[in-house]
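K.L.:
Dumping the structure here so I can ask a few things about it.
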Amino acid sequence: MANRDVRLQLFADVGFAGRRIRLARGGVAIRDARALGFNGVLSSFRLRNVVDRNAVTLLLFSRTNFRGTMRAYRGNTTVANLGDYDNRMSSLIVVGRRLTDAQIDDIRNNRVPPQNILQIEQ
């Protein structure tokens with residue numbers, strides 16, 4: 001399954017600096033970033049699928065439980081500075097496939113992550 005090919009590095013500071021959390025080998029849904037001590041801290045990240053560069057999606061939410069302002073990133077992505085979204089992430093979902101707009105809308109409306117991924121709650 002493609003989820004095992006996902007790699008995500010989250011950084012507390014711009015330019016991939018500061019405290020880092022590395023998620024490797026799996027899709028994950030984090031309902032509350034406080035569970036990782038990373039609520040309102042994200043400033044930069046690296047996202048990739050090591051097998052298929054297009055088969056990865058990251059959803060960032062400004063509130064817990066997949067609520068609030070959302071940012072979606074598809075395919076291998078490197079963001080050195082989140083700009084106006086800096087220090088706003090409170091929950092996230094990352095999966096090893098390219099989610100469609102309809103699937104993302106379903107997640108936003110129902111606050112239910114895709115199946116077969118690890119879920120972390122506060």
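K.L.:
Against the conditions (1) of a type outside the set (Lys, Arg); (2) open to solvent by 10 Å² or more (accessible area, probe 1.4 Å); (3) within 21 Å of residue 114 (Cβ to Cβ); (4) touching a strand residue (DSSP E or B) at 6+ places or on another chain (Cβ under 8 Å), where does residue 33 fall short? Just the number, please.
P.N.:
Here residue 33 meets the rest and fails (2).
K.L.:
Name the pairs: first residue in region 101-122 and under 12 Å from residue 66 (Cβ atoms) and open to solvent by 100 Å² or more (accessible area, probe 1.4 Å), second residue at pLDDT 90 or above and assigned to a helix (DSSP H, G or I), Cβ to Cβ under 7 Å, at least 6 apart or on different chains?
P.N.:
What qualifies is 121/35.
K.L.:
Pairs please, first residue from region 21-32 and of a type in the set (Asp, Glu), second anywhere and at pLDDT 95 or above, Cβ atoms under 6 Å, 6+ apart in sequence or on different chains.
P.N.:
32/64
K.L.:
I'd like to verify a number: residues in region 54-105 that are assigned to a loop (DSSP other than H, G, I, E, B) and either aliphatic (A, V, I, L, M) or closer than 18 Å to residue 8 by Cβ (or both), how many?
P.N.:
In the first step, residues of region 54-105 are kept if they are assigned to a loop (DSSP other than H, G, I, E, B); the result is 54-56, 64-66, 75-76, 80-82, 86-90, 96-100.
Cutting the leftovers down to either aliphatic (A, V, I, L, M) or closer than 18 Å to residue 8 by Cβ (or both) gives us 54-56, 66, 75-76, 80-82, 86-90, 96-99.
Looking only at that region, the number is 18.
The values are calculated or read from the model by the stated rules, or taken from the named source; none is laboratory data. Everything quoted here is computed from the prediction, not taken from an experiment. Positions of Cβ are generated from backbone atoms using ideal geometry, with glycine treated the same way; all protein chains shown enter the neighbour counts. Accessible surface is based on the protein model in full, side chains and every heavy atom, while ligands, DNA and RNA are left aside. Shrake-Rupley method; radii C 1.70, N 1.55, O 1.52, S 1.80 Å.
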